[in-house]
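Report on one structure; see the data block that follows.
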Amino acid sequence: MVRSAQAIAPHGGVLVNRLASKSQVGEFLSKADFLPRVQLSERSLSDLELIAIGGFSPLTGFMGSADYESVVTNMRLHDGLPWSIPITLPVSEAIASQLNIGTLVRLDDPAGVFIGVLELSEKYTYDKLKEALHVYRTNEERHPGVKVVYNQGNVYLAGDIWLLERRSHPQFPTYQIDPQESRELFLQKGWRTIVGFQTRNPIHRAHEYIQKCALEIVDGLFLHPLVGATKSDDVPADVRMRCYEIMLEHYYPQDRVTLAINPAAMRYAGPREAIFHALIRKNYGCTHFIVGRDHAGVGDYYGTYDAQYIFDEFTPSELGIMPMMFEHAFYCTRTKGMATTKTSPSLPEERIHLSGTKVREMLRRGECPPPEFSRPEVAAELAKIMHKMAIAEAASEFQI
């Protein structure tokens, strides 16, 4: 078992670094106007950055057909290493036809700025329905992950990448801690064991409860909320980050918690994404990873604890990070505190559960979630910001 931050190896054994050197950047810039261009989506840009900084180790680029087919079918790379989500670069057939294998391709961000280079090694078509059914367990287009697959180009480009520059995050530069930095930080803090936590939602009492239960066991907590592309009705990243700042100020031990951003985009792939999120945190240096109720789920596509059961399909040694499983937490009116069915003697009617949907509806009306669900400082901040957003959205609908 992993015993220290120093001992945990990145997935595959080596932390990937695909940040171009100064000489490479000069070479790429000199060729910029002559290279064929591919403009990245917000998701592909996140993938490019995570490959470059080692968050997706051992990947050094966008997947070729052998790795892609193996991941989709078996949740493993072609060499057998566990990997659950395909990391691919989709383009239209028209764009693919203009690109030649063995050449460099200029990668532009969504604004058209030259951001990276692809060493094109392969172009291949793929079965969208097969990818949807295997990765997302559904072929319904109303699933946000499936919708992305159906709407993207029919050809995948493969090859190693280079990122020209590690740009500061426009919203959260002070929380941009890359894998090499987080590993060094954990060592400086003397943390032997670190648990990672993933969320795309604002922190609430159930989150706090399971995080602190985990923190009773390990040395440090790595709060790593996702700030990449999410669904339009998800709470914006700046709101979620502000809630974490409030919680850290009032309710967490300062010396045992680190807050950083996860630049990844959400796939909403449920069980497969739980594995994916765990491996990313392994690359950041975590020894443990929290897996709660319906991790990375959406709608009713996945069973309540499917994201925990999927870890049984791998041995602990091949994953190299220990999942910490938690049941659905609730506020127990009998014991006057947070609990799960493992610790509470309460009857179902004595348990307060609030769904994310119901909470969002309350917030948009400017109502504060009850203290049983959210700390009052967080609830007030959420209600204030979300009510302003709802008013702005309503006003925009009436603009001519």
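The values are calculated or read from the model by the stated rules, or taken from the named source; none is laboratory data. All values derive from a computational prediction rather than experimental measurement. Reconstructed Cβ throughout: ideal geometry from the backbone, glycine too, with neighbour counts over all protein chains shown. Calculation scope for accessible area: heavy atoms of the full protein, side chains included, ligands and nucleic acids excluded. Shrake-Rupley method; radii C 1.70, N 1.55, O 1.52, S 1.80 Å.
Here are a few things to note about the model shown:
- The label point for Glu318 and the one for Glu367, both projected 7 Å from the Cα toward the Cβ, are 4.9 nm apart.
- Pairwise label distance in nanometres, Tyr150 with Lys358, each label 7 Å out on the Cα-Cβ vector: 3.1
- Stretchable slack from Asp255 to Ala9, in nm (0.36 nm times residue separation minus alpha-carbon distance): 86.1 nm
- Pairs exceeding a 28 Å alpha-carbon distance, out of Lys123/Lys282; Lys189/Lys384; Lys22/Lys189; Lys231/Lys384; Lys31/Lys123; Lys231/Lys342: Lys123/Lys282; Lys189/Lys384; Lys22/Lys189; Lys231/Lys342.
- Estimated FRET transfer efficiency when R0 is 22 angstrom, pair Thr304-Leu133 (beta carbons, to 0.05): 0.55
- 20 Å Cα-Cα reach of Lys212 towards aspartates and glutamates, excluding residues that sit fewer than 8 places from it in its own chain: Glu245, Glu249, Asp255, Asp294, Glu327, Glu372, Glu377
- Here the contact order of the chain, divided by its residue count and restricted to Cα pairs under 8 Å and six or more residues apart, works out to 17 percent.
- Signed unit charges on C-beta, dipole axis of the chain, positive-most listed residue Met247, His143, Ala111: Met247
- Cα centroid of region 356-387 to Cα centroid of region 19-33, whole Å: 48
- Taking all protein chains together, Phe186, Phe114 sort by accessible area into Phe114, Phe186, largest first [probe 1.4 Å].
- Placing +1 on each Lys and Arg Cβ and -1 on each Asp and Glu Cβ, with no other charges, gives the chain a dipole about its Cα centre of roughly 640 debye.
- When Lys231, Lys336, Lys189 are compared by accessible area at a 1.4 angstrom probe, the order from most to least is Lys336, Lys189, Lys231.
- Cβ-Cβ FRET estimate between Glu377 and Phe34, R0 fixed at 51 Å, reported to 0.05: 0.40
- Full extension of the chain between Glu216 and Gln171 yields a length gain of 13.0 nm, computed as 0.36 nm times the residue separation minus the alpha carbon distance.
- Helix screen, the chain: DSSP H segments with Cα axial length of 24 Å or more and mean Kyte-Doolittle hydropathy at least -1.0 are 376-397.
- Residue-averaged 222 nm ellipticity for the chain, from DSSP H runs of 4+ at -39500 (n - 2.57), nearest 500: -10000 deg cm²/dmol
- Rolling a 1.4 Å probe over the protein heavy atoms of the chain, with every protein chain left in place, gives an accessible area that is 51 percent carbon and sulfur.
- Each other residue within a Cβ distance under 12 Å of Leu45 adds +1 if Lys or Arg and -1 if Asp or Glu, for a net charge of -3.
- Exposure of Asp312 as accessible area (Å², to 10), given a probe of 1.4 Å and all protein chains: 130
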